[in-house]
Amino acid sequence: MKLFILLYGIAGILTGSFLNVCILRIPEGRSFISGRSACPVCGRTLRALELVPVLSWLFLGGKCRWCRANISIQYPAVELGMGILFSLICFFRGTGFRSVILCAFFSLIITAAFIDGRHFYIPDGLSLLVLILGIVGFFADHGRFWPEFLRRMAGLVICGGGLWLLRILTGGGIGLGDVKMMAACGFFLGWPHGFCAMAAGYVLASVFCLPLLLSGRADPKDRLPMMPFFTAALITTVLFGNELGQWYMGLWGL
């Protein structure tokens, strides 16, 4: 089992390196499949030894070898973070096909979180891929067909429909990208986990924003990218949802 955890971790680090490319290029409309990586400041093409995940950033001291411009800590953070998440999936969920689907799911929502955090939008392609993953996961589930289908459709309708209703009530205060992504995530997780993740995302956002509002460092009219908070809640729900649910029910003596 330890070997599989290690292999999942290595796969996660390599995946994180690819996600960094996606996070940078998708908003710019560039291909994330072809094209050599280059320094965003001086434009020099990076060599293979400068592209080793995590290690290159450490050996270069977080600076470009050519122009000495700072290299964002996002690069090693995403790579190392994905390695840890993939290892946790293997540890908690085993080594089967469902774990592979969860790894792909985490990759998509983390990419969406960084793009939304930087550019205030979520690419429709990412939401579509999450929905496709949910469909694949549904057919890979060997349980009863109709109960599982209804559970997943309930997650889609409640998450997507709930945010759509909030969008109408707030006059567009909820982004359409959030509606599409959370509808897809609702189908992926099903009821009640999808709804719990969505609600937890808003709790996290409130905890983050309240001190800023009270201190005057933020205005209620400021735009807030929600996907980073949704992503944190989704990851927590996937890894520890059952345990948190039991703990919460235990507080009420149920």
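Has the range 33-56 got at least one residue that is more than 15 Å from the chain's Cα centre (by Cα), within 30 Å of VAL179 (Cβ to Cβ) and surrounded by fewer than 17 Cβ atoms within 10 Å (Cβ to Cβ)? Walk me through it before giving the result.
In the first step, residues of the range 33-56 are kept if they are more than 15 Å from the chain's Cα centre (by Cα); the result is 33-56.
From what is left, the residues that are within 30 Å of VAL179 (Cβ to Cβ) are 33.
From what's left, surrounded by fewer than 17 Cβ atoms within 10 Å (Cβ to Cβ): 33.
There is at least one residue in the range 33-56 that is more than 15 Å from the chain's Cα centre (by Cα), within 30 Å of VAL179 (Cβ to Cβ) and surrounded by fewer than 17 Cβ atoms within 10 Å (Cβ to Cβ).
Which condition does PHE32 not pass, out of (1) touching a Cys at 6+ places or on another chain (Cβ under 6 Å); (2) over 20 Å from MET227 (Cβ atoms), if it passes all the others?
(2)
Would you please list the contacts, defined by Cβ atoms under 6 Å and residues six or more apart or on different chains, that run from a residue in the range 27-42 that is part of a helix (DSSP H, G or I) to a residue that is surrounded by 13 or more Cβ atoms within 10 Å (Cβ to Cβ) and modelled with pLDDT of 85 or more?
Partner pairs satisfying both residue conditions: PRO27/ILE115; PRO27/HIS119.
Yes or no: VAL130 among the β-branched types (Val, Ile, Thr) and in contact (Cβ under 8 Å) with a residue 24 or more places away in the chain? Quick ask: steps written out before the conclusion?
Values: among the β-branched types (Val, Ile, Thr): yes; in contact (Cβ under 8 Å) with a residue 24 or more places away in the chain: yes.
Yes: the conditions hold for VAL130.
The values are calculated or read from the model by the stated rules, or taken from the named source; none is laboratory data. Because the structure is predicted, anything quoted here is derived from the model rather than measured. Glycine also receives a Cβ, built like all others from the backbone with ideal geometry; neighbour counts cover every protein chain displayed.
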